[in-house]
1. Taking the stretch 194-241 only, how many residues are of a type outside the set (A, V, I, L, M) and part of a helix (DSSP H, G or I)?
2. Hey, among K115, K121, which residue is over 27 Å from E14 (Cβ atoms), without any contact (Cβ under 8 Å) to a residue 40 or more places away in the chain, in a loop (DSSP other than H, G, I, E, B) and open to solvent by 10 Å² or more (accessible area, probe 1.4 Å)?
3. I'm trying to understand the selection: among the residues of the stretch 79-96, which are outside any helix (DSSP H, G or I) and open to solvent by less than 70 Å² (accessible area, probe 1.4 Å)?
4. Kindly establish whether R172 is in contact (Cβ under 8 Å) with a residue 24 or more places away in the chain and among the charged types (D, E, K, R).
5. Applying the selection to the stretch 107-139, what residues are over 21 Å from S236 (Cα atoms) and small (G, A, S)?
6. Condition first: modelled with pLDDT under 95, of a type outside the set (A, V, I, L, M) and over 18 Å from the mean Cα position of the chain (by Cα). Now tell me which residues in the stretch 261-283 satisfy that.
7. Which condition number in (1) surrounded by 22 or more Cβ atoms within 10 Å (Cβ to Cβ); (2) within 14 Å of the chain's Cα centre (by Cα); (3) not small (G, A, S) is the one that L157 fails?
8. Look through the stretch 105-130, keep the residues that are of a type in the set (A, V, I, L, M) and more than 13 Å from the chain's Cα centre (by Cα), and return whichever of them is modelled with the highest pLDDT.
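The values are calculated or read from the model by the stated rules, or taken from the named source; none is laboratory data. Just so it is clear, the structure is predicted and the values come from calculations on it, not from any experiment. Here the Cβ positions follow ideal geometry from the backbone for every residue, glycine too, while neighbour counts run over all protein chains shown. Accessible surface areas use protein heavy atoms only, side chains included; no ligands, DNA or RNA. Shrake-Rupley method; radii C 1.70, N 1.55, O 1.52, S 1.80 Å.
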Amino acid sequence: MLRPAMENILATVELGFSDAETSRSLFGQHDQNLRQLERSLALRVSARGDKVQIEGDSLAVEVAHQVLQQLYGVVKRGFPVYPVDIGHAVTILSKDSNAKLKDIFLDTVFISATKKVIVPKTQHQKAYIDAIRGNDIVFGIGPAGTGKTYLAMAMALSALTKHQVKRIILVRPAVEAGERLGFLPGDLAEKVNPYLRPLHDALFDMMDFDRARTLIDQGVIEVAPLAFMRGRTLNSSFVILDEAQNTTREQMKMFLTRLGFDSKAVVTGDLTQTDLPDSSRSGLNHTKTILEGIEGIEMVEFTDIDVVRHPLVQKIILAYDRAEARLKADAGTDGK
């Protein structure tokens, strides 16, 4: 990823930091952040006091140099850095040496009830929250684990806290809402609850459970299946439609035309995980072809490098992408 196959120029760089306490935070407990830097770039990194020596391939050394210099400034601003942040920083600067990590890592979206600071971790995540700030309708499209729904939820809670909206409406399509849903036990709320559970999980991760439950009981936060949106006009609301790849074209049109005054809508989905019988009928896929370029609507596409779950998730996504590409190639060959 970092160099042409034939290039193997070795280099050594030594860095010194003026603030010993900040440098210790940057290095991590037992130098765990430096160990992550070694693993990410196949380098040798050693620390002595507030100095770091980096040895290895010259291009990789340059990336490591930038990572440590930029993250030192981030830590100095009071932002804690963990091994996972080192991995994200390496990915960002390997792709774009001109990227500014502070612009990404210091953009606080929301501070949860447990004082957890929610910030973007990748350039696409930063572009996503900027798009939500600047547009009334935003589509976040990409694989699982890229923070599409989680960041949208954080932005919604931030807007509610700042009194920019009066309510939050969290919506999901219930794919089984036809024949098979009727065979499930319980009333309608109990039938659709399993589909809405991921939205509840994200909400309760950011907000104290009792406070969230009170807001739900008061109708300030509403979690509902997509079918419940028909015929409504949603004013002064922050609306999130999750798993939108499972909407039909008609459902997507119905949802988007519910938006009223002083409202925002964020639509998230993964086009590779459509559960509809005919994936070509996906409302999310259709919107990409007819709504792109309309002022006030922005589409942000995530890739595997934006995955912020367990490191294996990124590798799993890549493995499936390769397998799908092989299947398409084989199908093309068979058709000739």
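1. Qualifying residue count for the region: 15.
2. Exactly one residue qualifies, and that residue is K115.
3. Residues satisfying the conditions are F79, P80, V81, D96.
4. So R172 fits the description; yes.
5. Within the stretch 107-139, S112, A113, A127 meet the criteria.
6. T274, D275, P277, D278, S279, S280, R281, S282, G283
7. Going through (1) surrounded by 22 or more Cβ atoms within 10 Å (Cβ to Cβ); (2) within 14 Å of the chain's Cα centre (by Cα); (3) not small (G, A, S) one by one, L157 breaks only (2).
8. First, pick out the residues of the stretch 105-130 that are of a type in the set (A, V, I, L, M): 106, 109, 111, 113, 117-119, 127, 129.
Checking the rest, the ones that are also more than 13 Å from the chain's Cα centre (by Cα) come to 106, 111, 113, 117.
Values: L106: 92, I111: 87, A113: 83, V117: 86.
That would be L106.
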